[in-house]
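S.K.: Structure in structure tokens, see below.
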Amino acid sequence: MESINAKYVSQKISKTRWKPVSYSTLQQPDVFATGSWDNENNKISFWSIGNHGSSGMDDGFEGDPQLLCEHKHDGDVLDLQFLDQDRIVTASSTGAVTIFRHHQNSQTISVSKHWARAHRYPCDNAPCTGVVCSSPEIVTVGEDGRIIVFRADQEGVTRVIENADSSTIHAVTYLRTTEILTVNSIGQLKLWDFRQQSNSPSQILSLSGDRVPLHCVDRHPNQQHIVATGGQDGMLCVWDVRQGNTPFSLMEAHSAEMWEVHFHPTNPDHLFTCSEDGSLLHWEMSSHSDVPSFLQGGRNNSMMSRSAMAPAGGNQSLISAWLSGDSSKGRLETTHMLPSQTLSVNSLDVLGQCLVCGTDGEAIFVNRQTSQEFNATSNEPARHNKDILSENHVLVAEKDRGNVVCRQNRTSVEGGGSYIRCSMQM
């Protein structure tokens, strides 16, 4: 059974991130964090889709996101990354970088560290646009073109690369433990090797032709030379940083800006993108296998999280499929997961069997798959995930009418209150 829950939170959601979980417990993620933007008072919030002692269900359904705690955030939350299971780092439009600690026993949030105006112009603040973590190290980028390295166990700044870029740096990710990759507003990817003292990038890749701003980047969790980006034109670009300085492939994805792109952290033959055009796409590089793999758990690392560094290795047939133009070796299939959204889907995160996204429609959507559906040893015949996601159980919530529409069979379910649930048996 697939369950999709929508909750309206009265705030525009800029970022959503799952709390890391341990592989050893075979646990699925059940707590996530959100950050807001463009509100009179912005917040970071922690939510649960499990039983974490929240006060009642408030007339909601089982599995509806329940607010655990929240904390005021100065400025828009422009990025959000977990440092570990208790701490989360935010990038602010004020230029500040903040570490918040989630106290699980009391369900409260406190400020652990705060670097005010980390990113700045000579006479004004510069928005901090991106953050990536590999505990205890934190790397941030900003509109000021600076790259700053912090350590969570130190008060000061570890390293600053001044004038790393003459344009806005929009996003950053680790390529390896000592290398990062940044994308900027003139369509460039830059590789930085922290083993070198030089303040110049070790490699520059760029889009040919028009310099379309790149907004997001993610690297393949097992093969770090494979990188996906998205930008202002809504195109999905796949790069091989070992070969050439231009994208390996370009795919039409969205009709407006792509805000985030994420490989599944343990099944990277699945990739997800979201956009200003109100859509969330699931991209599957199929290898003609009947064994379903979307949102399955894995064994790549001791901790599952967006920032976790996975070791080299992995399924070579699936990896080569991303870089192969031969359709006989693999084919790319896409599914619209929120086909009728009209307002921007700003952020998504996927971990284990769960996906969460946040929108300008002041809504959070959580998509969960039961483990039985994806158990290849089940007595039931295995089904390809494209079938699972493309039948009659894709849900979209429309705030102005307060109902949920199951698009394929046109069944409407009237909903009241602040959240709506649609759950269908396969």
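Every residue, every condition in (1) open to solvent by 10 Å² or more (accessible area, probe 1.4 Å); (2) without any contact (Cβ under 8 Å) to a residue 60 or more places away in the chain; (3) over 30 Å from ASP86 (Cα atoms), yes or no:
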| position | (1), (2), (3) |
| --- | --- |
| PRO136 | yes, yes, no |
| PHE150 | no, yes, no |
| GLU155 | yes, yes, no |
| GLU162 | yes, yes, yes |
| PHE194 | yes, yes, no |
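S.K.: Can you pull out the residues in segment 92-115 that are of a type in the set (A, V, I, L, M, F, W, C) and open to solvent by less than 70 Å² (accessible area, probe 1.4 Å)?
M.R.: ALA96, VAL97, ILE99, PHE100, ILE109, TRP115
S.K.: Continuing with the same structure: Look at segment 223-261 and say how many of its residues are more than 21 Å from the chain's Cα centre (by Cα), open to solvent by less than 40 Å² (accessible area, probe 1.4 Å) and among the small types (Gly, Ala, Ser).
M.R.: Here the count works out to 1.
S.K.: Another one. Kindly indicate whether SER185 is out of contact with any Phe, Trp or Tyr (no Cβ under 7 Å at 6 or more places or on another chain), under 23 Å from SER279 (Cα atoms) and of a type in the set (Gly, Ala, Ser). Quick ask: steps written out before the conclusion?
M.R.: Values: out of contact with any Phe, Trp or Tyr (no Cβ under 7 Å at 6 or more places or on another chain): yes; under 23 Å from SER279 (Cα atoms): yes; of a type in the set (Gly, Ala, Ser): yes.
In short, yes.
S.K.: Moving to a separate point now. Would you check which residues across segment 115-139 are assigned to a loop (DSSP other than H, G, I, E, B) and over 24 Å from the mean Cα position of the chain (by Cα) and list them?
M.R.: ALA116, ARG117, TYR121, PRO122, CYS123, ASP124 - these are the residues of segment 115-139 that are assigned to a loop (DSSP other than H, G, I, E, B) and over 24 Å from the mean Cα position of the chain (by Cα).
S.K.: Pick from segment 40-54 the residues that are at pLDDT 95 or above and not aliphatic (A, V, I, L, M): which of them is farthest from ARG87 (Cα to Cα)?
M.R.: Selected residue: ASN41.
S.K.: Show the residue pairs that are 6+ apart or on different chains and have beta-carbon atoms under 6 Å apart, the first residue being within segment 228-243 and under 16 Å from LEU332 (Cα atoms), the second being open to solvent by 10 Å² or more (accessible area, probe 1.4 Å) and among the hydroxyl-bearing types (Ser, Thr, Tyr).
M.R.: Listed pairs, sorted by first residue: VAL238/SER249.
Rundown of residues vs (1) over 30 Å from VAL149 (Cα atoms); (2) open to solvent by less than 40 Å² (accessible area, probe 1.4 Å); (3) in contact with a strand residue (DSSP E or B) (Cβ under 7 Å, 6 or more places away or on another chain); (4) at pLDDT below 95, yes/no style:
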{"position": "ILE4", "(1), (2), (3), (4)": "yes, yes, yes, yes"}
{"position": "PRO29", "(1), (2), (3), (4)": "no, yes, yes, yes"}
{"position": "GLU62", "(1), (2), (3), (4)": "yes, no, no, yes"}
{"position": "ASP79", "(1), (2), (3), (4)": "no, yes, yes, no"}
{"position": "ASP86", "(1), (2), (3), (4)": "no, no, yes, no"}
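S.K.: Of the residues that sit in segment 331-362 and are open to solvent by 10 Å² or more (accessible area, probe 1.4 Å) and of a type in the set (Gly, Ala, Ser), which one is modelled with the lowest pLDDT?
M.R.: Across segment 331-362, the extreme among qualifying residues is SER340.
S.K.: What residue, of SER200, SER275, SER208, is over 22 Å from GLY352 (Cα atoms), open to solvent by 30 Å² or more (accessible area, probe 1.4 Å) and at pLDDT 95 or above?
M.R.: Just a single option satisfies the conditions, and that option is SER200.
S.K.: State yes or no: is VAL111 under 18 Å from ASN163 (Cα atoms) and in a strand (DSSP E or B)?
M.R.: Criteria not met by VAL111.
The values are calculated or read from the model by the stated rules, or taken from the named source; none is laboratory data. Remember, predicted model here, so these are calculated numbers, not experimental data. With ideal geometry, Cβ positions are generated from the backbone for all residues, glycine too; neighbour counts draw on all protein chains shown. Just so you know, the surface numbers come from the protein's heavy atoms only, side chains and all, with ligands and any DNA or RNA stripped out. Shrake-Rupley method; radii C 1.70, N 1.55, O 1.52, S 1.80 Å.
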